[in-house]
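Student: One structure follows; several queries about it will come next.
The values are calculated or read from the model by the stated rules, or taken from the named source; none is laboratory data. Remember, it's a predicted structure, so these values are computed and weren't measured experimentally. Glycine also receives a Cβ, built like all others from the backbone with ideal geometry; neighbour counts cover every protein chain displayed.
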Amino acid sequence: MTIADSGDDPADVVVAALAAAVSLAADQIKTSQRLAQIPGMESVKILRAVVRIEDYYHINVPDDFLFETATVADLIDLVARLVKESR
Amino acid sequence: MSATTSTFIRVPASYARYDVDTTVTAGLLGLPDGEAGELATTHLPYVRDPGRGPLFDHADVVNLALFHSNTGCTVPDLALRFLLRFATAPQSTWYEPRWWLVRVCPPPALLDRARDGSAQLSIEPADLAAPGVVPLDAPDAAALRQARPTAKAILPPGYEVAVRITGAEATVHDGRARGLYQEMVDALAGGAVTYQSVNEGLRARHREAWQLGMADCVVASRLLADRLRDAGLTARARRGYLLGLVGSDHAWCELYEDDHWKPMDLAFAFLASGGSGTRRINATPEFVAACCGSRFNRLLPGQAPDALPLVHLDGEPAPPWLPVAVSAHPGEAR
């Protein structure tokens, strides 16, 4: 699944963007994982995933959040909140 | 990625340093090696090395990424997008005290050479006596480090500093200084001079770079400092780090006025007022105004005078394709 066909559920969009950044299948991304601990992940790839999420929803993820040692679930929750606030 | 040939100025051959191979080029462009090599050889000057294949100037490759990417995901695009995001945040956040754990890490390839004695690597230390910069005491620094328990130890000459940086809202009053500053902003915004990546050889000849129609933050800050001094004012160019998700080398000019060094940041002002496409910040007029006199809480100067390079290898500026990684982690002291 790519971000383009992941629908409107932030969980699907976030996982698809992260998976694409490291060339993994979406089911290989565990929501309990810290972003930096996803196999193959590095800072530039996290930023690429965030760009895709931001552009998809037209939101801005606060950079202070990205500094933190956030998990995939944390990012999904944040994106869901930002999307809700933007509508 | 599409590419044309007219939007940035290639480094003239007499100043070029053709030492970037297709693997590094691919990383910067975010493309597979073959595709990146084909694109770069089509649009950039290069020399062909029998062993390494085509070699490009690093600044040309960065410009190709910045000017012709339609993905917004090349390394230079990402740096610009995230580093300058603070400009769109509320004004108070530009100046409020901010605690930073800054880690400056040489890449393994350089460290290995330094440690086996085959090369001399030096990194300019941060200027911890700069206005607004206060080094944290050991307990506060430890509190910041606790937020990053997984961070690896940094080997010298890399270093880590924990600082509190406080910005200051101010404005430059001198009419001559404001005029010279605005003249340069207008030249960049009007396209008479292209804001683009410039290699270190041309940065050292900043007047010539400007005449060639190209400038980056180093060229612009050095030239503005020259012009301010020529006008009888006290000014200096500074170089340090812009702290953010990915730290970046940055340069700015400072004017001494009212017993203070006031930053004059042409690069920020251009990107906030005249940049185009992915190089434009959606900043407010207040941010543009702040670029002429205010000090932001995300800039950590190095000790090098005249905006000289921060990293040297065997007495020469280190190759830009072996960048020193700068990570800046904000936090709260105890």
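Student: Considering only residues of segment A:14-63 that are assigned to a helix (DSSP H, G or I), within 14 Å of chain B (Cβ to nearest Cβ) and of a type in the set (Val, Ile, Thr), which is nearest to A:Lys84 (Cα to Cα)?
Tutor: Across segment A:14-63, the extreme among qualifying residues is A:Ile53.
Student: Next question. Looking only at segment B:242-259, count every residue that is more than 14 Å from chain A (Cβ to nearest Cβ) and either within 12 Å of B:Gly293 (Cα to Cα) or out of contact with any Ser or Thr (no Cβ under 7 Å at 6 or more places or on another chain) (or both) and tell me the total.
Tutor: 10
Student: What do you reckon, is B:Tyr95 of a type in the set (Phe, Trp, Tyr) and surrounded by 20 or more Cβ atoms within 10 Å (Cβ to Cβ)?
Tutor: The answer is no for B:Tyr95.
Student: Give the number of residues within segment B:27-51 that are within 21 Å of B:Ala318 (Cβ to Cβ) and in contact with a helix residue (DSSP H, G or I) (Cβ under 6 Å, 6 or more places away or on another chain).
Tutor: To start, the set of residues in segment B:27-51 that are within 21 Å of B:Ala318 (Cβ to Cβ) comprises B:27-28, B:47, B:49.
From what's left, in contact with a helix residue (DSSP H, G or I) (Cβ under 6 Å, 6 or more places away or on another chain): B:28.
Residues meeting the conditions: 1.
Student: If you don't mind, there's one more thing I want to ask. List pairs: first residue in segment B:306-322 and closer than 22 Å to B:Thr25 by Cα and touching a residue at least 40 places away in the same chain (Cβ under 8 Å), second residue surrounded by 17 or more Cβ atoms within 10 Å (Cβ to Cβ) and of a type in the set (Val, Ile, Thr) anywhere in the structure, Cβ distance under 6 angstrom, at least six positions apart or on different chains.
Tutor: Within 6 Å, the pairs are B:Val311/B:Ile123; B:Val311/B:Val324; B:Ala318/B:Val311; B:Trp321/B:Val20; B:Trp321/B:Val24.
Student: So which residues in segment B:53-86 are more than 8 Å from chain A (Cβ to nearest Cβ) and small (Gly, Ala, Ser)?
Tutor: B:Gly53, B:Ala59, B:Ala65, B:Ser69, B:Ala79
Student: Report the residue count in segment B:221-253 for those that are under 24 Å from B:Ala79 (Cα atoms) and in a strand (DSSP E or B).
Tutor: Qualifying residue count, segment B:221-253: 12.
Student: Then there is this: When the residues of segment B:58-94 are narrowed to those that are touching a strand residue (DSSP E or B) at 6+ places or on another chain (Cβ under 6 Å) and modelled with pLDDT of 85 or more, which ends up farthest from A:Ala21 (Cα to Cα)?
Tutor: Going through the qualifying residues, I end up with B:His58.
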